[in-house]
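Read-outs: derived from the displayed coordinates by stated rules, not from any lab. Since the model is a prediction, treat every value here as computed from it, not as a measurement. Ideal geometry is used to build each Cβ from the backbone, glycine not excepted, and the neighbour counts take in all protein chains shown.
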Amino acid sequence: MLRRFMVWGFLGLVVAPGIVGWAHSGNHASVHDTVAAIALRLRDQLPEAALRTLTVTQVEAALTPAERDILGSHHLTWEVNVPVVLTVLRDPALGQDPFWFTERGFQSNGLSVKVGDKTFAAWEKSFPAGEVGLGVNSLKGGGDHYFVALRPQTPGANLTVDHLYPGQLRLGVLQVGEKPFVDRDETLKEVPLALAGQVLVRTERARRDAARLVNLFRWTEHPATSRPDQIVLTWAGDPQRTQTIQWRTSTAVRRGRVAYAKKSEYFRPRPVSLREVRATGPERFSDPYLVNQREVHRFSATLTGLEPGTTYLYAVGDGSRAGWTEFAEFTTAPDQVVPFAFVYMGDAQNGLDRWGSLLRTAYRTRPDAAFYLMAGDLVDRGNQRDDWDSFFHNATGVFDRRPLVPVIGNHENQGGHPTLYLRQLTLRTNGPTGLEPERAYAFEYSNALFVVLDSNLEPATQTPWLEEQLTKSKATWKFVTYHHPAYSSVPQRDNVALREAWTPVFDRHHVDLALQGHDHAYLRTFPLKANQRVATPKEGTVYVVSVSGTKSYPQDPRNYTEVGITNVPMYQVLDLQISGNRLVYRAYDGDGGLRDQLVIEK
C-alpha cells in the first residue's frame, strides 16, 4: 500500500514510493479528427431519416479497422515499467458502450467505488509492461467518464507510470477523499479494501463525449430565411449615445443595413429622412452537425452619435426596397439622474418556449423596464447553434425593443469556451486588461453602476478591475452580476474561492445587490457583510439567486437565507426611485403573482 505521496508541480512529476508519473510527450493518433471524419462521412452518406435514428450498433458497423483501433486504444495512453492489473471504474449506465471494453477482454470483478452518490463498477484486465492504451468513453455520449486504477501483477514490485496522454491526466492514490477527475470537485466516498491504495489515474470528465456519434446530428426548429430575424439590442458602447443591433439571415443575404430616426421627428407632418448605417458582416456561422441548415449569416451594427434619453425607430435589412423589417424602437440611456426600472432573470437554459412566455409576461407587465439583465446560462448547450436559435426565437418582440445585458454562465462555456456567445452578442470591451474582451464589462445607467463578471474564470483575473470600477464610480446604486453564487442555494454547492475573492470588495464599496444564477432555486439572502448577517441593506449586500427556466433544483436551509423558493420560474423587477433614493425589488412568477419583495432606502 502507498503510504506517502508527493507532487512536484513545476516538473509535472508525481512521486510516491515506487511510483513515478511524467507529463505526456510524443505524438498520438487524434481521436478528435477521427470522430470528425466519421461524423461527416455518416452525414453525407446516410439519409436524414437514418441520421435521426442512428444507434451505437450502426455506428460500430460503419467504423473502418483503422478507426476502430484509434477509438479503441488511443483515447488515453501511458507507459508502465512492469506488468500491471488495470481496473477501469466506469459508469454502469453506459451498458455495453463502448465496443472496445468487452472486445478487449475486460472482466467485471464484482467490486465498485462511490463518487459522491454515484456508483462506478470495476472491470479489470492484465497488461504487460510498456504502453497501455484505452479507448473512448462512449459512442452515444452522456454518463460519466471512467477513471483507472493500477497495481503491479507481482506484489511489491516498483511501478513507474509515465508519458501520460493527454497531458491533463494526473496520478493519485485510490482512497477515500481523493478526486477521480481533474476537472471536478467530487471525491471518492467508498473504496473497497481490494482496490484501496492502488495508483489512481485521474481523468477529465469533460472528455466523456469526445467520441459521441449517436445523437450528434441536430435539426434547428427555426431555420434562417432571407428576412432578418434574431434581432437583439445590446450595448457595445456608451448606453447614452450608442445602440448596437445584431441579427441573422440565411447565406443568401450578403449585406446588412440599419435605417433609423428619432421617433419624435419621424412622426412630424414632414418626417425626416431615415439615416442608414452599414453593418459589419456577414459573418458566416457553420455547424456541420446541424443537418437542415449548416450555415447562416450574422450582422452587427453600432449606431453612434445618438442623443441621450431619446427614443429611436429602426429597421434592419439588406438595403433593398423590399428587404427591410418592420419598425421597432429603442430608447437611449438618460444623461441625468432619473427614475428607471430593469428586469433581472436567472438561468433560462431549459424549456425555452415556457421561458419565452415568462419573458413576454414581464414585458407586458412592465413595458417601462429599460433593459433585461440575464445572469448566465441563457441556453443549455452553448456550443450548439440550434439552442441559440430557440433562445432568440422565444425572445422575439422583447430583445429587439429592450437591450439585453448578458452574463456568461457555465453552459455558455460548453466545449471549453463561450465561442457562440461572444460571436453572436456584441458587448462592451471595457473589462480587465489581459482578459478576453466582452467576458466582463461595466456601464452606468442613470444613478446606477452595473458590473458584469465572468465567474467561469479564476476570480483573481477580475478582482483588481472590480475594485477599480467600484472605487471610481460615484453612482448611488451599485449592482454586480455573475453566474455562480457567492452564497449557494443548492445542497453541496459552495463557491468558496469566488466568495473569498469578491465579497470583501463588495463590502468595502457597499454593493447593494449581487445578481446571480446557476443554482435553479430562488434565494434572497439577509443583508451580509464579512460573511455575517447585518441589520439592514444599508449596512451590507443582498445576494439573489434567480431562475427563469423550467429546470429546478432542491434547496437546503442556510443561515443566510431570508427567502427561498423552489420549482417556480420567476423574473425580478427592480425599480430605482429618485424621491428618497429608494429601490423597490419585486419577484414575480409566470402568472404575475408576487413571490418576494424588498425595499431599500438610502
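Restricting the count to DSSP beta bridges whose residues both fall in the stretch 340-601, what percent are antiparallel, rounded to a multiple of 5? Provide the component values of the computation, followed by the final result.
On the way: 34 of 53 bridges.
About 65 percent, rounded to the nearest 5.
Run through the DSSP bridge list for the stretch 485-545 and note the antiparallel percent, rounded to the nearest 5. Spell out each step's value before the answer.
Working: 5 of 9 bridges.
For the stretch 485-545, the DSSP antiparallel bridge percentage is about 55.
Please arrange ILE600, ILE578 by how many other C-beta atoms lie within 10 Å of their C-beta, fewest to most. Could the numbers behind the result be given before it?
Values: ILE600 19, ILE578 13.
Fewest-to-most Cβ neighbours within 10 Å comes out as ILE578, ILE600.
Taking the Cα centre of the stretch 379-472 as the origin and placing charges on Cβ (Lys, Arg +1; Asp, Glu -1), which of THR461, VAL398, GLY382 is farthest toward the positive end of the dipole?
Final value for the positive-end residue is VAL398.
Before anything else, pin down the relative contact order of the stretch 207-366: Cα pairs under 8 Å, at least 6 apart, normalised by residue count, whole percent. Could you put the intermediate results ahead of the total?
Values: 272 pairs, mean separation 37.2, N = 160.
The normalised contact order for the stretch 207-366 reaches 23 percent.
Put one equal scatterer on each alpha carbon of the stretch 292-404, apply the Debye formula with no solvent term, and list log10 I(q)/I(0) at q = 0.18, 0.24 1/Å to two decimals.
Listed by q, the Debye log ratios stand at -1.12, -1.41.
How fast does the stretch 6-209 diffuse by Stokes-Einstein, in µm²/s, taking the Kirkwood radius from C-alpha pairs at 4 °C and 1.567 mPa s? Don't jump to the answer; show the numbers that get you there.
Values: Rh = 17.7 Å.
Answer, rounded: 73 µm²/s.
So what is the relative contact order of the chain, in percent, for Cα pairs below 8 Å that sit 6 or more residues apart? Write down the numbers at each step before the final one.
Working: 1470 pairs, mean separation 57.9, N = 602.
Averaging sequence separation for qualifying contacts and normalising by length gives 10 percent for the chain.
Cut-off under 15 Å on the C-alpha distance; same-chain residues fewer than 8 positions from LYS478 excluded. Which aspartates and glutamates are left, in chain and number order?
GLU444, GLU467, GLU468, ASP507, ASP512, GLU539, ASP575, GLU601
To one decimal place, what orientation-averaged projected area in nm² is obtained for the convex hull of the Cα set of the stretch 241-336? Spell out each step's value before the answer.
Working: hull surface 29.8 nm².
Answer in nm², one decimal: 7.5.
Using the basic label-point model (7 angstrom from Cα toward the beta carbon), what is the SER30 to ASP44 distance in nanometres?
1.6 nm
To the nearest 20 debye, what is the magnitude of the charge dipole of the stretch 6-209 about its Cα centre, counting +1 on the Cβ of each Lys and Arg and -1 on the Cβ of each Asp and Glu? Intermediate results must be reported in sequence, preceding the final value.
Details: 19 positive and 22 negative charges, 53 e Å.
Rounded to the nearest 20 debye, it is 260 debye.
Among the listed pairs LYS118/LYS140; LYS125/LYS179; LYS262/LYS602; LYS140/LYS551; LYS263/LYS472, which are separated by more than 25 Å between their Cα atoms? Working shown, then result.
Values: LYS118/LYS140 20 Å; LYS125/LYS179 23 Å; LYS262/LYS602 36 Å; LYS140/LYS551 23 Å; LYS263/LYS472 35 Å.
Violating the 25 Å Cα-Cα cut-off are LYS262/LYS602; LYS263/LYS472.
What do you get for the angle between helix 496-509 and the principal long axis of the chain? Use alpha-carbon atoms, 0 to 90 degrees, nearest ten.
The helix 496-509 is inclined about 30 degrees to the chain.
Would you list which aspartates and glutamates come within 12 Å of LYS114, measuring only between C-alpha atoms, while excluding same-chain residues fewer than 8 positions from it?
Filter leaves ASP91, GLU178, GLU186, GLU190.
So what are the radius of gyration and Dmax for the Cα set of the stretch 340-601, in Å?
In Å, with Rg to one decimal and Dmax whole: 16.8, 48.
Using DSSP, restrict attention to beta bridges with both residues in the chain and report what percent are antiparallel, rounded to the nearest 5.
85 percent
Which order results if ASP454, ASP91 are arranged by neighbouring Cβ count within 10 Å, fewest first?
Details: ASP454 27, ASP91 19.
Sorted ascending by nearby Cβ count, the order is ASP91, ASP454.
Hey, rough spin-label estimate for LYS529 and THR251, points 7 angstrom out along Cα→Cβ, what's it come to in nanometres?
5.9 nm
When only C-alpha pairs under 8 Å and at least 6 residues apart count, what is the relative contact order of the stretch 291-343, in percent?
Across the stretch 291-343, relative contact order equals 33 percent.
Treating the chain as a set of equal point scatterers at the Cα positions, no solvent, please give the Debye-formula log₁₀ I(q)/I(0) at q = 0.05, 0.08, 0.09 Å⁻¹.
For the requested q values the scattering log ratios are -0.27, -0.67, -0.82.
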